[in-house]
1. Looking only at the stretch 128-150, count how many residues are within 16 Å of the chain's Cα centre (by Cα) and either assigned to a loop (DSSP other than H, G, I, E, B) or under 23 Å from Asp95 (Cα atoms) (or both).
2. How many of the residues making up the stretch 63-90 are touching a Phe, Trp or Tyr at 6+ places or on another chain (Cβ under 9 Å) and crowded, with 18+ Cβ neighbours inside 10 Å?
3. Just to be sure I understand, how many residues within the stretch 51-62 are in contact with a Phe, Trp or Tyr (Cβ under 6 Å, 6 or more places away or on another chain) and either closer than 22 Å to Leu157 by Cβ or crowded, with 22+ Cβ neighbours inside 10 Å (or both)?
4. Please enumerate the residues belonging to the stretch 250-295 that are under 16 Å from Ser45 (Cα atoms) and of a type outside the set (Lys, Arg).
5. Taking the stretch 237-281, which residues are open to solvent by 60 Å² or more (accessible area, probe 1.4 Å), within 14 Å of Asn54 (Cβ to Cβ) and of a type in the set (D, E, K, R)?
6. For a quick check of your reading of the model, give me the residue pairs whose first member lies in the stretch 43-67 and is free of Cβ contacts under 8 Å to residues at least 40 places away in the same chain and closer than 24 Å to Ala109 by Cβ, whose second is of a type in the set (A, V, I, L, M) and in a helix (DSSP H, G or I), with beta-carbon atoms closer than 6 Å and at least 6 apart or on different chains.
7. Out of Leu156, Leu211, Leu140, report the one residue that is among the hydrophobic types (A, V, I, L, M, F, W, C), free of Cβ contacts under 8 Å to residues at least 40 places away in the same chain and either open to solvent by 20 Å² or more (accessible area, probe 1.4 Å) or in contact with a Leu (Cβ under 8 Å, 6 or more places away or on another chain) (or both).
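The values are calculated or read from the model by the stated rules, or taken from the named source; none is laboratory data. None of these values were measured; they are calculated from a predicted model. Counting neighbours? That spans all protein chains shown, and the Cβs are built from the backbone with ideal geometry, glycine included. Ligands, DNA and RNA are stripped out before the accessible areas are found, and what is left, the full protein with its side chains, is counted by its heavy atoms. Shrake-Rupley method; radii C 1.70, N 1.55, O 1.52, S 1.80 Å.
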Amino acid sequence: MTTEVRKSEYGYFELIEKPTPDVLKAYYAEKYYQDAGGSYEASYSDAEKSYFKNKIVQKLLAASRFISLPTDRPPRFLDVGAGEGWALAYFQDLDWECVGIDYSSFGCASQNPAVLERLVAGDIYDSLRDLLAAGQRFDLILLDNVLEHVPDPAGLLVELKDLLELQGALIVEVPNDFSVLQEHLLAKGHIDSRFWVVSPDHISYFSPDSLAALARSVGWQVQMMMTDFPIDFSLANPLTNYVRDRKAGKPCHATRVEIENLMHAISPEKTVALYQVLADMGLGRALTAIFSRSP
């Protein structure tokens with residue numbers, strides 16, 4: 001399948017030749033959702049588990065500025081694309097009422113089996129519509145590394161609006177692609193291709209500006225954006241260029257985990273503030289946005 005892209009009307013890049021829903025369903029059924037040979041790691045180090053938890057804490061810290069939690073009932077959390085269940089496990093431990101949806105239960109069963117009773121496995125769109133039909137509403141919704149995979153990102157954002165309480169927040173995380181750093185690395189010859197364009201895995205490629213434009217176009221209010229550790233800095237050094245030398249990938253990831261955990265230990269609040277500045281500069285590998293329902 002072609003990896004040629006074009007700019008959408010909202011400014012984000014998208015594949016010119018988008019895979020059909022049937023092609024995507026078959027592709028993900030084989031790559032992600034089988035009990036063997038999937039994309040998940042078999043196990044994680046304690047440092048990686050701390051890293052996963054710290055990133056969730058930072059997201060909640062950022063979103064908490066813009067939500068008003070109920071006092072007469074437990075807060076309610078929806079994880080769209082629950083993956084291995086790290087966020088579900090965290091909010092379950094906080095005694096939130098949690099619902100996770102994903103195409104498969106394999107990731108949760110492997111890493112966080114205690115959340116399986118809160119997971120709905122199956123087509124994500126069908127699950128969202130079932131929740132809506134049942135009158136479910138949530139104080140916090142997480143859409144973590146899902147939006148880049150779907151053929152119609154605007155449509156998915158619209159679907160989520162009616163599932164969010166008026167005083168709630170939606171957290172969206174996507175890769176930060178076609179960034180100023182990536183284009184710099186390409187221009188300087190540190191990389192020889194736009195390696196982040198991967199078809200059919202990623203259909204859309206977002207920047208802070210284009211993600212904000214998309215969200216506003218369908219009625220979301222953009223509250224804040226932050227990024228994360230700019231691991232692509234490693235590509236400017238031939239000794240750590242994990243695109244040219246795939247063996248450098250794991251050491252670079254281990255460095256990211258160690259530095260991220262150190263920063264979080266120093267101050268989660270200052271870490272979030274730093275990543276807001278990096279988002280303003282267009283730097284950082286992942287982009288996290290906090291949206292609320294427009295008045």
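1. 8
2. Residues that pass the stated criteria total 12.
3. Number satisfying all stated conditions: 1.
4. Pro251, Cys252, His253, Ala254, Thr255, Val257, Glu258, Ile259, Glu260, Asn261, Leu262
5. Answer for the stretch 237-281, where residues must be open to solvent by 60 Å² or more (accessible area, probe 1.4 Å), within 14 Å of Asn54 (Cβ to Cβ) and of a type in the set (D, E, K, R): Glu258, Glu269, Lys270.
6. Once the first residue is free of Cβ contacts under 8 Å to residues at least 40 places away in the same chain and closer than 24 Å to Ala109 by Cβ and sits in the stretch 43-67, its partners that are of a type in the set (A, V, I, L, M) and in a helix (DSSP H, G or I) give Ile56/Ala87.
7. Leu156
Here is a yes/no grid of residues against (1) within 14 Å of the chain's Cα centre (by Cα); (2) of a type in the set (A, V, I, L, M, F, W, C):
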| residue | (1), (2) |
| --- | --- |
| Lys55 | yes, no |
| Phe66 | no, yes |
| Arg76 | no, no |
| Ala82 | yes, yes |
| Gly85 | yes, no |
| Phe91 | no, yes |
| Leu94 | no, yes |
| Gly100 | no, no |
